[in-house]
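Colleague: What follows is a single structure, and I will ask about it in a moment.
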Amino acid sequence: MLIIQLFVLGFSLAMLYKSWTLFADKKIEKSAFLFWVFVWGSLLMSSFLPAEVWNNVVFSVTFFNSAVVIVVAIILFYLFKLSQKIRKIERDIAKIVRKLAVENKK
């Protein structure tokens, strides 16, 4: 279980750092930043809660459940990347529309 905890620790910290850098570069809004901090922080905290707590809350610690945590982390990572790409496309479309509006005004 320690290997999985270390993997989740490294992954969560890396994604928290990535979220912070995107927020600092003003590529994501404050609300999106807070959402992703909550998601990655929850993933980080869930990997280090004692097994007794998990037994009472959600599931017992087994290999299958550890695999589920990793799969959820991967899905969240791709959701994060996808949301960034969508925001970039939105910004690009806004630039194009502004440019066309200025050209049509002339």
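The values are calculated or read from the model by the stated rules, or taken from the named source; none is laboratory data. Nothing here was measured: the structure is a model prediction, and the numbers come from that model. FYI the Cβ positions are ideal-geometry reconstructions off the backbone, even for glycines, and counts take in every protein chain you see.
Colleague: Check ALA67 against each of (1) among the small types (Gly, Ala, Ser); (2) modelled with pLDDT under 75; (3) exposed (fewer than 11 other Cβ atoms within 10 Å of the Cβ) and name the one condition it does not meet.
Modeller: Evaluating ALA67 over (1) among the small types (Gly, Ala, Ser); (2) modelled with pLDDT under 75; (3) exposed (fewer than 11 other Cβ atoms within 10 Å of the Cβ) leaves (3) as the failure.
Colleague: Please name all residue pairs, on different chains or six or more residues apart, with Cβ atoms under 9 Å, provided the first residue is in the range 75-97 and is under 18 Å from TRP20 (Cα atoms) and the second residue is outside any helix (DSSP H, G or I) and not acidic (Asp, Glu).
Modeller: Going by the 9 Å Cβ cut-off, the qualifying pairs are SER83/ILE28; GLN84/LYS27; GLN84/ILE28; ARG87/LYS27; ARG87/ILE28; LYS88/LYS27.
Colleague: Name the one entry in LYS26, LYS88, LYS106 that is modelled with pLDDT of 90 or more and out of contact with any Asp or Glu (no Cβ under 8 Å at 6 or more places or on another chain). Working first, answer last.
Modeller: Details: LYS26 fails: modelled with pLDDT of 90 or more; LYS106 fails: modelled with pLDDT of 90 or more.
Only one candidate qualifies: LYS88.
Colleague: Oh, and also: When you look at ALA101, is it surrounded by fewer than 15 Cβ atoms within 10 Å (Cβ to Cβ), at negative phi, modelled with pLDDT of 90 or more and small (Gly, Ala, Ser), yes or no? Full working, then the answer.
Modeller: On the way: surrounded by fewer than 15 Cβ atoms within 10 Å (Cβ to Cβ): yes; at negative phi: yes; modelled with pLDDT of 90 or more: yes; small (Gly, Ala, Ser): yes.
It is true that ALA101 is surrounded by fewer than 15 Cβ atoms within 10 Å (Cβ to Cβ), at negative phi, modelled with pLDDT of 90 or more and small (Gly, Ala, Ser).
Colleague: Does LYS95 count as at pLDDT below 90 and of a type in the set (Lys, Arg)?
Modeller: Details: at pLDDT below 90: no; of a type in the set (Lys, Arg): yes.
So LYS95 fails the test.
Colleague: Six or more apart or on different chains, Cβ under 7 Å: which pairs go from a residue in the range 1-28 that's under 13 Å from GLY41 (Cβ atoms) and in a helix (DSSP H, G or I) to one that's among the small types (Gly, Ala, Ser) and modelled with pLDDT under 80? Could you list them?
Modeller: If the second residue must be among the small types (Gly, Ala, Ser) and modelled with pLDDT under 80, the pairs left are VAL8/SER47; LEU9/SER47.
Colleague: Does SER60 satisfy the criteria of being modelled with pLDDT of 80 or more, surrounded by fewer than 14 Cβ atoms within 10 Å (Cβ to Cβ) and either of a type outside the set (D, E, K, R) or not in a helix (DSSP H, G or I) (or both)?
Modeller: Values: modelled with pLDDT of 80 or more: no; surrounded by fewer than 14 Cβ atoms within 10 Å (Cβ to Cβ): yes; either of a type outside the set (D, E, K, R) or not in a helix (DSSP H, G or I) (or both): yes.
Judged against the criteria, SER60 is not a match.
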